[in-house]
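Shown next, in structure tokens, is the structure this report addresses.
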Amino acid sequence: MSGKEQTYINEAFATNWIAPIGPNLNAFEENFCEYVQSPHALGTSSGTAAIHLALLHLNIKPGDEVFVSTLTFSASVNPIIYCGATPVFIDSEAASWNIDPELVEKAIQERLNQGKALPKAIIVVHLYGQMANMDPLCQLCDKYNIPLIEDAAEALGATYKGRHAGTFGICGISSFNGNKIITTSSGGMLFSADQELITHSRKLATQAREAEPYYQHKEIGYNYRLSNILAGVGIGQLNVIEDRVQKRRANFDYYVAQLQNIPGLSFMPEAPWGRANRWLSVILLDPKQISVTPEELRLHLETHNIESRPVWKPMHLQPVYHQYAIYGGKVSEMLFATGLCLPSGSSLSTADLKRIVTHIKEKLT
Ligand SMILES: Cc1ncc(COP(=O)(O)O)c(C=O)c1O
């Protein structure tokens, strides 16, 4: 926390807005819109809920296919299943570790050749705070008229050619889960230039109540709004988002300066098209040059009370998603097999970073 959050929480208590509606929530949505330069936003109970709302608004149904990055957290994909639809997984490209636009086009053409319909949506994930290659992706979505949903859960503060993550597709989603670059403990945001998308999602997120004095429902609703108390935390956190991006980037730069000379150790690249927020600093260990595996390094760090984590296990390798189609797969499999996410919190001190680097070097050199 930055220290600024408590004021807004106190305000919620003082004014008795203890509900998933109220002035903090309105202000958080407005401030968020201003920061990412999006016309409309809806505060949600989670990023997952925001993705689900986007798919519901698009009327994604059983039998529909949705393309999605395979290298991601399961929450990018689960809402496709909530809608009864079918995910089609697409591998990463090496430059950004994000969805490969060439494979997207290949998948579209192959499926059309098989007599299948176009995907009803594409979900692009901006992994670990780095944006995907948006120009070719947007061109493809325009060409085939496919709605693009941007899962920017990990990428608040990241930009592509100066424009914020989540503002390229029909909508973007953000997450404020406890582990994200800013947090409301749990919470999310759905944001869009399409007012109708946000208005409809707002209705779906509040049990789809119709505008009648009595409780009238014409469609199935959800209880997906963000609490006005948590929105207060969000206002305070948004004040410091740029500091947080700078701090996360500084963590990354420190690791690079200290570790780049180790043969076989490399870093998640920063694609030339934008600014990553470096939500997580990620290294790769080339097995041809380093005999220590990422898991051995993780366990070594663990013995020193330092937490590191494997790269996301690709969705096409997950038992629960095993039966769905995958285009490519080798890039994300390699990243999973050789990658390790290093401690990346905004509150890491120089002494913390020094200690982490010492123990990495101890194991690798
Ligand atoms: C890529 C990605 N998508 C979606 C989510 C879901 O966000 P939430 O935890 O707020 O539901 C997360 C993180 O949790 C994520 O990392």
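Derivation of every value follows stated rules applied to the coordinates shown; laboratory data play no part. All of these numbers come straight from a predicted model, not from anything done at the bench. Cβ sites come from the backbone with ideal geometry, for glycine too, and all protein chains shown count toward neighbours.
A few notes on this one:
- Here the Karplus relation 6.51 cos²θ - 1.76 cosθ + 1.60, evaluated at θ = phi - 60°, turns the backbone of the stretch 107-112 into coupling constants of 5, 4, 5, 4, 6, 5 Hz, with x for every Gly and Pro.
- Cα-based equivalent ellipsoid of the stretch 197-340: semi-axis lengths in Å, sorted from largest, via gyration tensor: 41, 23, 15
- Taking max minus min of the alpha-carbon positions on each principal axis, the chain gives extents of 70, 60, 36 Å, largest first.
- The chain: most fluctuating residue of Val311, Val292, Val68 per GNM, C-alpha cutoff 10 Å: Val292
- Kirkwood-based Rg to Rh ratio, the stretch 93-144, C-alpha trace: 0.99
- Extension gain, Ala211-Lys106: 0.36 nm per intervening residue step, less the Cα-Cα distance, totals 33.3 nm.
- Once the gyration tensor of the Cα atoms in the stretch 263-365 is diagonalised, the equivalent ellipsoid follows with semi-axes of 26, 17, 14 Å, ordered largest first.
- Counted charge near Gly63, where neighbours are those whose Cβ lies closer than 15 Å (Asp, Glu -1; Lys, Arg +1): +2
- Of the residues Ser332, Gln318, Gly274, the one whose Cα sits farthest towards the positive end of the charge dipole of the stretch 242-364 is Gly274 (charges of +1 on Lys and Arg Cβ, -1 on Asp and Glu Cβ, taken about the Cα centre).
- The reciprocal of the average 1/r between distinct C-alpha atoms defines the Kirkwood hydrodynamic radius, which for the stretch 270-316 equals 13.0 Å.
- Rg of the Cα atoms in the stretch 158-269, relative to 2.2 N^0.38 Å, amounts to 1.48.
- Per-selection metrics, the stretch 61-196 (Cα): Rg and Dmax in Å: 14.4, 46
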